[in-house]
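Student: Let me give you the structure first, and then I'll get to my questions.
What follows draws every value from the coordinates through simple rules; no lab data is involved. Everything numeric here is computed off the predicted structure, so don't read it as measured data. Heads up, the Cβs are rebuilt from the backbone with ideal geometry, glycines too, and the neighbour counts pull from every protein chain shown.
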Amino acid sequence: MPYTKDDLIQLTSELCRIPGAPGFEHDVVAWLADRFEPYADEIDVDRMGNLYALRRGDPEGPALMISAHSDEIGGVVRAIEPGGFLRFNKLGGVLDALLVGRRMMVGGHVGVVGVKAGHAQTEEERSQVQPYTKLYIDVGADSEAEVREMGIGVGDPVTYVSDVWRFTNSDRFCGKGLDNRIGCVVLLALLESVHGTELGGDLHAVVTVQEEVGLRGAQVAAYRTNPTCAIVVDTIPCGDTPDMDGDKTLPIGIGRGPAFRLVSRRDVMHAGMKRLLMETAEAEGIPYQPVVHDRSTTDASAIHLQREGIPTGVITIPRRYSHTPVEMADVNDVVHTLRLLEALVERMGELEGYLRFLA
């Protein structure tokens, strides 16, 4: 494996720092395309923004698509008020309770989500969560004209400002956008790891767009690629904190290995892909966590329905504090996910044997 734990955290930090709300992933995709290019036989970006990196293998072998989404939750400017304050809409699962007083990036400029001074709030107001429709962003301007002179307009993207930080004497780190910039970094590390090796089929490393607003890029990417089977790399919420009844509702945690999401709100993992993931993990001594989580989805929900049906597996990296500016992960789970993908790529020639629905 060419990357150390420090390398993986550093790359994730660099990538998370780049704003990329759904539909505005341009800079994220450009960063990844530059780094994928030395390790791919072909690189392309479609008109929607999906990034495709192809490593050719045995022409008689299967085609394996491994994907991760590039977008992060965020928002978009809805209106500019005469006094220079911005109103905004949400893109993806932003929590209203985590907006007040936050620094935001708006069209390349720093702003803050304003809040009435605590001294002026009533007791009732202090205990209430304000809906985003009542909030505003202050970019330091005094008029609509000043805002427009900054180059900010209606429809511009909004994202959190929150760097990735590593915890002291720990393999754990936190920041905004770990969902799913971690998965993108894993794809990059995988391409470098298998560079120069002979593959049992074609490997398509795909970075999708607009996952957070309806799995939109994945629909297009899977239709275009039309692989024999697919694996989605994403993150998943954890149940290992005091405010979760994890043992009953979500019995997974960070640092315990990648989670195989067997059932989500909109898909059930193909039986053969489930067996492939579990058998490979066990053969390699890689810890994993099987999970049923029916309150969210991944790109697998869109991919498996394309064309004539694409058998799809899901490997998710556990994260605490999902869809917040302080998502938290353990780099050991990232390392295990990468090792598992390397082993799966080595077994590409065996994939067909796992994909028959009837024995």
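Student: From the helices alone, meaning DSSP H stretches of at least four residues, give me the mean residue ellipticity at 222 nm for the chain, per-run term -39500 (n - 2.57), in deg cm²/dmol to the nearest 500. It would help to have the intermediate numbers written out before the result.
Tutor: Numbers: 11 runs with 101 residues, N = 359.
Mean residue ellipticity at 222 nm (helix-derived): -8000 deg cm²/dmol.
Student: Take each of the peptides 323-335, 46-58, average the number of other beta-carbon atoms within 10 Å over its residues, and list them starting from the highest.
Tutor: Ranked from most to least packed, the peptides come out as 323-335, 46-58.
Student: Using the crude model of +1 on Lys and Arg Cβ and -1 on Asp and Glu Cβ, and no other charge, please compute the dipole size for the stretch 56-202 relative to its Cα centre, in debye to 20. Don't skip to the end; give the middle numbers.
Tutor: Values: 14 positive and 21 negative charges, 90 e Å.
Charge dipole, the stretch 56-202, about its Cα centre: 440 debye, nearest 20.
Student: Which of Glu60, Glu352, Glu25, Glu342 has the fewest other C-beta atoms within 10 Å, and how do the rest follow up to the most?
Tutor: Arranged by neighbour count, lowest to highest, Glu60, Glu352, Glu25, Glu342 become Glu60, Glu352, Glu342, Glu25.
Student: Here is a further query. Over the stretch 1-49, what lengths in whole Å, largest first, do the semi-axes of the equivalent ellipsoid take, defined as the square roots of 5 times the eigenvalues of the alpha-carbon gyration tensor?
Tutor: Output for the stretch 1-49: semi-axes of 21, 17, 6 Å.
Student: Can you tell me the dipole magnitude for the stretch 74-160 around its Cα centre, using point charges on the Cβ only (Lys, Arg +1; Asp, Glu -1), in Debye to the nearest 20?
Tutor: The dipole magnitude comes to about 280 debye.
Student: In debye, nearest 20, what is the charge dipole magnitude of the chain about its Cα centre with +1 on Lys and Arg Cβ and -1 on Asp and Glu Cβ, if you could check?
Tutor: Using only the charged Cβ atoms, the result is roughly 760 debye.
Student: A further question on this structure: Cα centroids of the stretch 158-188 and the stretch 104-149: how far apart, whole angstrom?
Tutor: Answer, in whole Å: 26.
Student: Further question on the same structure: So for each of 206-216, 83-93 I average, over its residues, the number of other beta carbons within 10 Å; can you give me the resulting order with the highest mean first?
Tutor: Most protected by this proxy first, the peptides run 206-216, 83-93.
Student: Just tell me which lysines come within less than 24 Å, Cα to Cα, of Lys274; anything on the same chain fewer than 8 places away is out.
Tutor: Lys274 reaches Lys248.
Student: Also, quick follow-up: Ranked by Cβ crowding within 10 angstrom, fewest neighbours first, how are Arg256, Arg126 ordered? Each step should come with its number before you reach the end.
Tutor: Numbers: Arg256 18, Arg126 9.
Exposure proxy ranking, most exposed first: Arg126, Arg256.
Student: Suppose we keep just the DSSP beta bridges with both residues in the chain; what percent of those would be antiparallel, to 5?
Tutor: Of those bridges, close to 60 percent are antiparallel.
Student: Under 17 Å from the Cα of Lys90, which aspartates and glutamates turn up, not counting those fewer than eight places away in the same chain?
Tutor: Once the sequence-local aspartates and glutamates are set aside, what remains near Lys90 is Glu25, Asp71, Glu72, Asp138, Asp156, Asp179, Glu211, Glu212.
Student: Once you sort the root eigenvalues of the Cα gyration tensor of the stretch 31-120 as a ≥ b ≥ c, which label holds: rounded (a/c under 1.5), prolate (a/b larger than b/c) or oblate (the other case)?
Tutor: Prolate, since a/c reaches 1.5 and a/b exceeds b/c.
Student: Rounding to the nearest 10 and keeping the result within 0 to 90°, find how far the Cα-based axis of helix 26-36 lies from the longest principal axis of the chain.
Tutor: Helix 26-36 sits at roughly 30 degrees to that axis.
Student: Separate question: Determine the shape class of the chain: with a ≥ b ≥ c the square roots of the Cα gyration tensor eigenvalues, call it rounded for a/c under 1.5, and otherwise prolate if a/b is greater than b/c, oblate otherwise.
Tutor: Here the chain falls in the prolate category.
Student: Now for a different question. For the stretch 74-160, rounded, prolate or oblate, judged on the Cα gyration tensor with a ≥ b ≥ c (square roots of eigenvalues), a/c < 1.5 rounded, else prolate if a/b > b/c?
Tutor: Oblate, since a/c reaches 1.5 and b/c is not below a/b.
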